[in-house]
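First up is the structure itself, then whatever we jot down about it.
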Amino acid sequence: MVNTKDLEAHFEFECKACENGRCAKADVNSILSERKGLRDFYEAFKEHIKGCKRMTYGQYQFVIDREVLPEAVLWWHNHPEFKETHLSTAVGTDERPLNGHFVYMPFLNVQVEFANEPENYWVFLRTYLLADDPSFPSVAEKLPAALWIEREVKDLLGFKPVNHPDPRRLILPEDWPEGVYPLRKDMDYRHSPITEPKVEFKEKPEDTTLVPMGPAHMGIEEPAHFRLFVKGEEIVDVDYRGFYSHRGIEKTGEGRLTYNQVLFLAERICGICGYQHSVSYAMAVERLADVDIPDRARYIRTLLLELERIHNHLLWVGIAAHMVGYDTGFMHAWRIREPVMWLVERLTGNRKQYGMNIVGGVRRDILDYRKEEILKVVKQIREGTKTFLDVALNTNTFIKRAEGVGILPYKVAKAYSVLGPTARASGRKIDVRKDQAVKTATAYNEIDFKVPVYKEGDVLARVLVRMDELFESLWMVEQLIDQMPGGDIMVPIGKLPEYEEALGFTEAHRGEVVHYVMTGEKNKVYRWKVRAPTYNNLPAVPEMLKGYHVADAPLIIASIDPCYSCTERVQFVDVNTGKVKVLTEAEFNELSIKYKGVF
Amino acid sequence: MAESASYTEKLKRWDRFKAEKFSKKAPVTTPYPFIDIEKPPEYRGIPHINPEKCIGCGACVNACPPDALIMEWDKEHGVKRLTYNAARCIRCARCIEVCPTGAMEPTTRFEVATDNKEDLVEVVEHKLAYCEECGEYLDFTERQIEYVRNILPKDVFDAYALEDRIKLTQEEKMRRTVIKLRETEGNVYPAFMLVRETKDDGGEE
Ligand code: SF4
Ligand code: SF4
């Protein structure tokens with residue numbers, strides 16, 4: 001491996017933004033003294049730090065040598081004082097057109113103290129990799145949270161994590177040729193080569209039987225393939241293969257679209273937490289453009305985020321009830337949920353995919369007379385949910401299946417950087433809404449709410465955490481309506497600065513969503529990286545499954561609320577003969593390439 | 001009376017349970033698709049291009065995130081074609097926001113399932129304006145020029161002598177500028193114009 005020191009990248013200390021706006025003069029000493037921990041890190045890795053800057057409020061970046069990457073990540077992750085610090089994710093960028101190098105950049109959510117917004121921060125560890133040898137020492141060897149992240153950059157950019165414990169394919173399909181890396185800049189987004197499929201599954205351990213689950217499983221409405229290795233009824237080991245619905249959204253967003261167009265694409269990443277993605281992305285771009293969005297827009301955004309959380313938790317508790325065979329609960333939960341959908345349909349124009357955001361604010365105002373309607377729905381939901389919980393939590397079918405099942409110990413949750421309600425049910429006290437400075441895009445800093453935390457870590461705890469959160473959300477909606485300020489709902493954004501980076505984040509119902517945006521020329525996006533919470537939660541599922549029964553598996557998997565996406569099937573019916581012809585894989589591929597652009 | 005109510009009034013009055021036309025009202029579920037479902041007036045359905053209002057400016061094409069709107073030039077036949085494809089549309093209503101003439105009209109239509117793909121496509125063709133001098137087609141439609149005529153104040157028109165120049169190709173405009181400069185200021189024009197001018201002259205004569 002070649003040392004980063006040999007690289008000729010241009011390293012200088014620079015500062016991009018001050019706490020009070022932009023300034024070009026702040027020196028490294030004042031940056032390092034802004035937050036706790038920064039200077040210690042600098043002292044510990046002095047020889048290997050090539051640069052440091054503040055990207056934007058509460059987001060710091062160090063340029064470090066790649067050979068100390070594992071130590072640096074672990075230094076933060078295992079920090080003795082900042083207990084809940086976790087590896088959020090990593091961005092791999094092809095910066096060869098800019099400076100001739102690849103960039104691999106893990107970043108961590110540093111929690112100095114819970115709910116201390118002005119003290120907590122994000123730290124980005126940027127490393128430059130050689131264009132002809134993009135290898136770096138694997139962090140995953142010591143930290144399971146990096147397992148998927150490194151497999152992803154290996155797939156999409158061709159980086160080489162040295163000593164990675166499980167270097168199989170993660171994202172690319174089995175029939176994608178070796179050596180073609182979709183996220184490199186020299187590849188066109190329409191290019192989609194195919195070769196013979198090559199399947200890599202984990203070896204079956206001795207004396208076990210394989211129980212395949214998925215890719216299409218009627219319990220988890222998502223194409224995910226779990227391979228359970230069982231001894232009798234007990235699950236001993238698990239293999240996971242997913243990413244069947246990878247759509248290459250990041251690639252589409254880079255280069256072709258303008259920053260406002262990407263926003264609508266971002267909203268369509270998920271059918272359930274779309275607005276969270278939309279707000280995160282908008283927040284990142286607003287940070288880059290350095291604008292303050294109007295208060296009213298922040299309140300409207302927060303209101304919709306919380307309404308989204310309410311209907312989502314109700315949806316989830318319905319699914320959980322369905323999984324344990326308590327279908328009455330399922331029906332009732334969804335009945336209670338429906339008025340929220342109706343309400344947002346009238347507030348935004350659609351049940352889902354609200355389309356309410358624009359970079360710089362929101363697109364529709366909330367008319368004053370609507371407030372009554374919102375409060376009416378909130379009241380209805382609160383009563384409905386209370387009754388529902390009274391019944392559900394006194395139903396043995398439900399409790400017996402959920403209690404003590406799928407336990408995720410705190411240590412494992414932390415090692416995998418598990419997020420959201422799943423983490424809070426295992427005793428991790430984290431919530432980006434309170435922890436990090438979300439105040440530029442949302443109004444969480446001005447309203448009062450509690451973050452429920454449970455220690456048990458089983459499925460029941462995950463139910464309870466979510467239900468507590470739901471009541472908090474109802475209370476938040478009431479406050480937001482009460483305090484909603486008047487004024488404008490958006491500010492126009494001018495030109496974006498070129499080649500700057502920022503992070504946008506929100507706490508979705510499943511955990512923290514992060515959108516990393518690096519701008520390019522002419523108001524385009526150079527790199528857009530999205531990480532949904534399930535990305536961090538799913539790798540921990542095999543750990544939750546081990547030791548439990550096969551019958552519990554669907555419930556345990558569903559208990560992290562995995563992002564549901566749709567399986568697609570193409571069937572051709574010949575109208576004349578009425579014969580159904582199911583396409584083979586090759587025919588299907590051929591067709592989809594032929595009709596690309598038609599749909 | 002109902003007709004004269006303001007839009008906000010209409011919004012206020014709309015009630016899901018009154019609007020949905022099924023005789024036996026169920027509190028939650030609806031026997032869709034056996035009944036018509038009426039969407040609330042706020043619903044963002046697929047847009048519709050009003051060919052009478054559209055001027056072919058292409059603002060909607062630039063804003064559309066998934067390329068559901070496409071603009072094509074057919075200079076041979078003097079046509080500019082705006083195509084809308086509902087199959088690609090994500091119903092974000094960006095086009096409605098940016099359209100300068102209100103030709104993009106919002107609807108509350110949400111059912112686009114069909115057995116004929118052509119049902120999903122709307123095409124609006126515009127006549128391109130042509131150069132008064134050489135007869136070549138311009139990039140703009142006649143309606144665009146008309147629209148500019150209507151919205152620009154007269155003094156702007158006069159200041160830039162737009163009335164004479166609006167219907168000319170880029171090359172023709174340049175040539176005229178040079179000729180004018182030569183007339184008014186003698187031979188003082190920049191070198192690059194001089195070169196172009198001599199080349200043009202040589203080619204024509
Ligand atoms: S923006 Fe409006 S006027 Fe312009 S092309 Fe589109 S529909 Fe026509
Ligand atoms: S609604 Fe959105 S997707 Fe549909 S045509 Fe208009 S801009 Fe394009």
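I'd like the FRET efficiency for A:T208 and A:S135, computed as 1/(1 + (r/R0)^6) with the beta carbon distance as r and R0 of 45 Å, rounded to 0.05.
0.80
Taking 35 Å as R0, compute the FRET efficiency from the Cβ-Cβ separation of B:T83 and A:Y499 and round it to 0.05.
Efficiency computed from Cβ-Cβ geometry: 0.45.
Anything over 31 Å Cα to Cα? Flag those among A:K251/A:K376; A:K414/A:K529; A:K251/B:K12; A:K376/A:K450; A:K160/A:K429, in the order listed.
Beyond 31 Å: A:K251/A:K376; A:K251/B:K12; A:K160/A:K429.
Given a cut-off of under 8 Å on Cα pairs at least six residues apart, what relative contact order in percent is computed for chain A?
Computed over chain A, the figure is 15 percent.
How far apart, in nm, are two points set 7 Å out from the Cα along the Cα-to-Cβ line at A:K546 and at B:L11?
5.6
Considering the Cα positions of chain A, please state its Rg to one decimal place and its Dmax as a whole number of Å.
According to the Cα coordinates of chain A, Rg and Dmax are 23.9, 78 Å.
Place a +1 charge on the Cβ of each Lys and Arg in the protein assembly as shown and a -1 charge on the Cβ of each Asp and Glu, then give the dipole magnitude about the Cα centre in debye, rounded to the nearest 20.
I would put it at about 1800 debye.
Extension gain A:Y244-A:N116, at 0.36 nm per residue separation less the Cα-Cα distance, in nm?
Going from the current span to full extension adds 42.2 nm.
Any chance you could check region A:245-281 for residues losing 30 Å² or more of accessible area when the partner protein chains are in, compared with the chain on its own (1.4 Å probe)?
Buried on complex formation: A:R256, A:Q261, A:F264, A:R268.
Kindly tabulate the residues in region B:81-96 with an accessible-area decrease of at least 10 Å² between the chain alone and the assembly of all protein chains, using a probe of 1.4 Å.
Flagged in region B:81-96: B:N85, B:A87, B:R88, B:I90, B:C92, B:R94.
Could you tell me what percent of the DSSP beta bridges with both partners in chain A are antiparallel, to the nearest 5?
90
What does a probe at B:E125 reach in region B:45-74, counting residues whose amide N is under 14 Å from the point 7 Å along Cα→Cβ?
B:72-74
Grab the other residues whose beta carbon is less than 14 angstrom from that of A:N312, score K and R as +1, D and E as -1, and report the net.
0
Using Cα-Cα distances under 8 Å and only pairs 6 or more residues apart, what relative contact order does region A:262-316 have, in percent?
33
Could you please report the charge total around B:P51, scoring K, R as +1 and D, E as -1 over all other residues with beta-carbon less than 10 angstrom from its beta-carbon?
Residues near B:P51 contribute -2 overall.
At 7 Å along Cα-to-Cβ for each site, give me the label-to-label distance between A:D482 and B:E163 in nm.
Rounded to a tenth, the inter-label distance reads 6.6 nm.
What is the spin-label model distance, in nm, from A:T328 to A:E200 if the labels are put 7 Å beyond Cα along the C-beta direction?
5.0
Before I look further, what does the protein assembly as shown give for accessible area per residue, probe 1.4 Å, in whole square angstrom?
Result: 45 Å² per residue.
Quick one: check the C-alpha center-to-center distance for region A:470-521 versus region A:384-409, whole angstrom.
If we compute the Cα centre of each part, the gap is 33 Å.
Using a probe of 1.4 angstrom, how much of the accessible area of the protein assembly as shown is carbon and sulfur, in percent?
Percent of accessible area from carbon and sulfur atoms in the protein assembly as shown: 53.
Which residues belonging to region A:308-353 lose at least 20 Å² of 1.4 Å-probe accessible area when the assembly is complete, relative to their chain isolated?
Residues passing the criterion (a loss of at least 20 Å², heavy atoms only) are A:R335, A:W342, A:E345, A:R346, A:G349, A:N350.
Tell me: how much accessible area in total is hidden between B and A, 1.4 Å probe, Å², nearest 100?
2300
Would you be so kind as to identify which of A:W176, A:A425, A:T442 lies farthest towards the positive end of the dipole of chain A, taking Lys and Arg as +1 and Asp and Glu as -1 on Cβ and the Cα centre as origin?
A:T442
Using 0.36 nm per residue, how much length does the chain from B:D115 to B:D155 gain when fully extended, once their Cα-Cα distance is taken away?
9.0 nm
Mean residue ellipticity at 222 nm from the helices of chain A, using -39,500 (n - 2.57) per DSSP H segment of n ≥ 4 over the full residue count, to the nearest 500 deg cm²/dmol?
Dividing the helical sum by the residues of chain A leaves -10500 deg cm²/dmol.
The values are calculated or read from the model by the stated rules, or taken from the named source; none is laboratory data. Quick caveat: nothing in here was measured; it's all calculated off a predicted structure. Here Cβ is always computed from backbone atoms with ideal geometry, including for glycine, and neighbour counts include all displayed protein chains. Only protein heavy atoms, including side chains, enter the accessible area calculation; ligands, DNA and RNA are left aside. Shrake-Rupley method; radii C 1.70, N 1.55, O 1.52, S 1.80 Å.
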